[in-house]
Amino acid sequence: MDCPIVYHPDYVAPLPPGHRFPMGKFRALYERLIAEGVAVRSQFHQPELPPVEWLELVHTPAYVQAYCQGMLDAKAQRRIGLPWSPALVHRTCIAVGGTILTAKLALEHGLACNTAGGTHHAFPDFGSGFCIFNDLAIAARVLQRLGLVQKVLIVDLDVHQGDGTAVIFAGDDSVFTFSMHCEVNFPGTKQQSDLDVPLPEGMEDEAYLQTLDRYLPDLLSQVQPDLVLYDAGVDPHFDDRLGKLALSDRGLFCRDMQVLTTCVQRGYPIACVIGGGYADDFEALVYRHSLLHRAARDVAAQPQFSIGA
């Protein structure tokens, strides 16, 4: 059975020439998945804009209104790192809708992937590090509000700590936050997730995969979530300019296979987002993001994988 994938053409909004955020990767990822036969068009689902009330399940109404209307002050805008535009507001909201849809599809099919998402540096009342609204947190809250899930596990393997997510769910037993990240990296001030695993600079494939295996199976048994939200950032790659870890393409693929297989074989639905990636080689970066969808294809093709089980 094919894994559902979520994409919208509006995942890309214009940025000034030379901006260091690789906005074009979202469309290029979709096109590459089709061109290389990783996915077919019938697998793709298009999200809708979420109602403002859903954004405000996580973010303060004042922040949501100020951002959407272009009223943030210059300091708050700099902290986000993306120049405001109506197109970016729309892009930000449709990407949140994408992660919500991905989560719903995961509950229905057992596994689903977005082609964007992972804005884990967004806090309740401000954005940071290219993150405006926290799609992972909003998806968790929306599904809880709709009565579709009670307990959620967020597995964040982006190279940067999911600091915004940690703060949003601090003291909330219904969402467990797990962040495995490079210790000496952005954000400079770390927050406290339910479980943080800081990694030393330069960690390579085998040590990384062994570390992940030390925690993930036990976490699933401990939390027993109704849904896993997985941030599959590719910035742990050795060639990522914002990373500081040393995973190879093979290491990233093995990581994604490990996470997806561990969840699926134990019967936990998993919704995936692509997270961060900032390599200078754009085509190599898009390929790295596609590894998640290649892993999902392989896992969904396994005989023991029962869609909707």
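How much of the DSSP beta bridge set in the range 117-275 is antiparallel, as a percent to the nearest 5?
5 percent
Under DSSP H, which helices of the chain have Cα atoms covering 30 Å or more of the helix axis and a Kyte-Doolittle average no less than 0.0?
86-109
As a test of the formula, what do you get for the chain when each DSSP H run with n ≥ 4 contributes -39,500 (n - 2.57) and the sum is divided by the residue count, at 222 nm and rounded to the nearest 500 deg cm²/dmol?
-13000 deg cm²/dmol
What lysines does residue 151 reach when the alpha-carbon gap must be under 28 Å and sequence neighbours fewer than 8 apart in one chain are set aside?
Result set, ordered by chain and number: 104, 190.
How big is Rg to Rh over the range 61-105, alpha-carbon atoms, Rh as the Kirkwood inverse-mean-distance radius?
A ratio of 1.05.
What Kirkwood Rh does the chain have if only Cα atoms enter the pairwise 1/r average? Answer in Å.
Kirkwood hydrodynamic radius for the chain: 18.9 Å.
So what's the net charge close to residue 153: Lys and Arg +1, Asp and Glu -1, counting the other residues with Cβ under 11 Å from its Cβ?
Computed value for this residue: -2.
If I model a spin label as a point 7 Å beyond the Cα along the Cα-Cβ vector, how far apart are those points for residue 266 and residue 218 in nm?
1.2 nm
May I have the extent of the alpha carbons of the range 110-163 along their three principal axes, as whole Å values ordered from largest to smallest?
Dimensions of the range 110-163 along the principal axes of its Cα atoms: 31, 24, 18 Å.
With viscosity set to 1.306 mPa s and temperature to 10 °C, compute the Stokes-Einstein D of the range 50-139, Rh being the Kirkwood radius across alpha carbon pairs; µm²/s, no decimals.
120 µm²/s
Just how far, in whole angstrom, is the range 248-270 from the range 27-91 if you go by their alpha carbon centroids?
Taking the Cα centre of each part, the range 27-91 and the range 248-270 sit 26 Å apart.
Counting DSSP beta bridges with both partners in the range 5-300, what percentage is antiparallel, nearest 5?
Restricted to the range 5-300, the bridges split so that about 5 percent are antiparallel.
Specify the longest stretch of the chain that does not include any exposed loop site, a site being one of the GluC sites (Glu not before Pro) with a non-H, G, I, E, B DSSP assignment and at most 15 other Cβ atoms within 10 Å.
Counting only loop sites that pass the neighbour cut-off, the longest clear stretch is 49-182.
Over the Cα atoms of the range 163-262, each weighted equally, I'd like the Debye log10 I(q)/I(0) at q = 0.16 Å⁻¹, rounded to two decimals.
At q = 0.16 Å⁻¹ the computed log10 ratios are -0.72.
Taking amide H positions as placed in the peptide plane 1.01 Å from N, state which residues far from residue 194 in sequence (5 or more) or on other chains have amide H under 5 Å from it.
Amide H neighbours of residue 194, under 5 Å, 5+ apart: 177.
Ranking request for peptides 1-13, 69-81, 125-137: highest mean number of other beta-carbon atoms within 10 Å first, then the rest in descending order.
Taking the mean over residues of other Cβ atoms within 10 Å, the ranking is 125-137, 1-13, 69-81.
Computed from the coordinates by the stated procedures, all read-outs in this text should not be read as laboratory data. Everything numeric in this text was worked out from a predicted model, so none of it was measured. All Cβ positions, glycine included, derive from the backbone under ideal geometry; neighbour counts span all protein chains shown.
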